[in-house]
Amino acid sequence: MDRIAVKRYKLALLMHKVLHGEALHYLGPLIRVYNLPGQRALRSASTNHLVTTPVKLSTVGNRAFVVAVPHIWNGLPNDVILADSLLPFRYC
């Protein structure tokens, strides 16, 4: 794998650990799971998709943790996103 793919893999793995409470505690509040409480229950409400934030500076802003991780995470297949263990990350 090339360097960019390795970095994306590591960020996705870190995000999985954040969602399951296995990562550093200060990373959790930086990421928001897409959830619309009080509104109609959509099919997307049961997934672990993350809220993407818009950026003003595309050169620097896209590399920030709170921007890069949701784009990488939301691009993964649903079976990997909804997995409870780390086993699906070996095959993606």
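Computed from the coordinates by the stated procedures, all read-outs in this text should not be read as laboratory data. Everything numeric in this text was worked out from a predicted model, so none of it was measured. Because the Cβ atoms are built from the backbone with ideal geometry, glycine has one as well, and the counts that use them run over all protein chains shown.
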Listed with the fewest Cβ neighbours within 10 Å leading, L11, L30 appear as L30, L11
May I ask you to list the chymotrypsin sites (Phe, Trp or Tyr not before Pro) in the range 46-92 that are in a DSSP loop and have at most 13 other Cβ atoms within 10 Å of their Cβ? Y91
